[in-house]
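Written out below as structure tokens is the structure these notes cover.
The values are calculated or read from the model by the stated rules, or taken from the named source; none is laboratory data. Quick caveat: nothing in here was measured; it's all calculated off a predicted structure. Counting neighbours? That spans all protein chains shown, and the Cβs are built from the backbone with ideal geometry, glycine included. Protein only, heavy atoms only, side chains kept; ligands, DNA and RNA dropped before computing areas. Shrake-Rupley method; radii C 1.70, N 1.55, O 1.52, S 1.80 Å.
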Amino acid sequence: MASMTCMWVFLLFSGTFLVTTSAQILSNTTTHAPNTTTHAPNTTTHAPNTTTQAPNTTTHAPNTTTHAPNTTTHAPNTTTHAPNTTTHAPNTTTPATTHAIPTLPPTSSPPKTGNYTVKDDKEVCIIAHMGLEIQIVKSTEKKTDKRYLNIEPKLTNASGICADPKSNLLLTFPEGFINFTFVKESKIYYIEEVSVELIVASEGQWNVSSGKLKLLSTDLGYSVKCKRTPTVKLGDHLELIMAEVKLQAFEIKNSTFGKERVCFPDRNNLLVPVGVALAIVGLILIILLVFLLTRRRRISGYERI
């Protein structure tokens, strides 16, 4: 009986312990509900962050409108170029005043000779020693008027370009310029073209050229000498006279003239007096021959008698 009583007491104690333990477990299970609901505040806290970005989007509008002033500032820079364009006009009109010289003489006179050289960085390609005179021709129905301009060497500047097969000699003087174009062809060279620009206040203004001349042709490596070249006709109103010429282009050694050749016009001038002399000598021989024949006939006639 006592043992039964102890068993019931043990069972009662065990059941009480189990009930208490179960109650604690249940109480621990229900405590997690607050933890689940605490996350809701975390979800709603992100809404302020989303709305705060709106100010950042609208702040860019001022930056876009600030570029408008930069675009309009270029208008003054565009208008500043107009004065630079008009500054060139005085350069075009200045030659008319600088070329004002007294009325040109109506008669030709021997021009002064000048020495002109063209060279590049390495060597001399053109040497010229010559006098230059420009003849201006003005024709009307009643008469033809001629004026002459001698090129002053002291006031003339020589420049040009050394090239192959063409080189040029540019002579610039107060009244304009003369440009000679030299051409090398096979074993010879010559002046192919002459261009002239001339402004004389008392006479007028011209810009003319003459090509395909083949003027003062001679062998490469030689200089050419000419007392008076043929007159170079430049249009209807200008002619160029070259006097006391000695020049050489291409294949110049030690910056000095090569062996000298006489120009074709001078050779022709030499042939004329030589031909005349030979004709006179021939005429004298013919006269002597006729005289001798006539005398012999007379002598033979006397012997027959």
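What to note about this one:
- Scanning region 149-171 for any residue that is surrounded by fewer than 17 Cβ atoms within 10 Å (Cβ to Cβ), outside any helix (DSSP H, G or I), free of Cβ contacts under 8 Å to residues at least 12 places away in the same chain and among the charged types (D, E, K, R) turns up nothing.
- Check on Ile287, assigned to a helix (DSSP H, G or I), open to solvent by 90 Å² or more (accessible area, probe 1.4 Å) and either within 27 Å of Lys184 (Cβ to Cβ) or at pLDDT below 90 (or both): yes
- Criterion violated by Leu293 - all others in (1) open to solvent by 40 Å² or more (accessible area, probe 1.4 Å); (2) at pLDDT 95 or above satisfied: (2)
- Summed over region 99-122, residues that are open to solvent by 90 Å² or more (accessible area, probe 1.4 Å) and modelled with pLDDT under 90 total 4.
- Among the conditions (1) under 23 Å from Thr231 (Cβ atoms); (2) at pLDDT 95 or above; (3) open to solvent by less than 30 Å² (accessible area, probe 1.4 Å); (4) out of contact with any Phe, Trp or Tyr (no Cβ under 9 Å at 6 or more places or on another chain), Met130 misses just one, which is (4).
- Among residues of region 99-110 that are within 20 Å of Pro174 (Cβ to Cβ), those with a beta-carbon under 9 Å from a residue that is at pLDDT below 90 and of a type in the set (Ser, Thr, Tyr) at least six positions away or on a different chain give the pairs Ala100/Ser202; Ile101/Ser202; Pro102/Ser202; Thr103/Ser202; Leu104/Ser202.
- Residue check: Glu251 meets all listed conditions (1) assigned to a strand (DSSP E or B); (2) of a type in the set (Asp, Glu); (3) open to solvent by 70 Å² or more (accessible area, probe 1.4 Å) but one, namely (1).
- Qualifying residue in region 210-218 (condition: under 19 Å from Lys246 (Cβ atoms) and not in a strand (DSSP E or B)): yes
- Filtered residue count, region 222-231, keeping only those that are out of contact with any helix residue (DSSP H, G or I) (no Cβ under 8 Å at 6 or more places or on another chain) and either surrounded by fewer than 19 Cβ atoms within 10 Å (Cβ to Cβ) or of a type in the set (S, T, N, Q) (or both): 3
- Some residue of region 141-149 being within 20 Å of Leu216 (Cβ to Cβ) and of a type in the set (S, T, N, Q): no
- Residue count for region 183-197, restricted to those that are open to solvent by less than 50 Å² (accessible area, probe 1.4 Å) and in contact with a Leu (Cβ under 7 Å, 6 or more places away or on another chain): 7
- Criterion violated by Lys138 - all others in (1) modelled with pLDDT under 95; (2) more than 21 Å from Gly235 (Cα to Cα); (3) in contact with a Gly (Cβ under 9 Å, 6 or more places away or on another chain) satisfied: (2)
- Among the residues examined, Lys138 does not qualify as among the charged types (D, E, K, R) and free of Cβ contacts under 8 Å to residues at least 24 places away in the same chain.
- Selection from region 254-267 of residues that are in contact with a Cys (Cβ under 6 Å, 6 or more places away or on another chain) and loosely packed, with under 10 Cβ neighbours inside 10 Å: none
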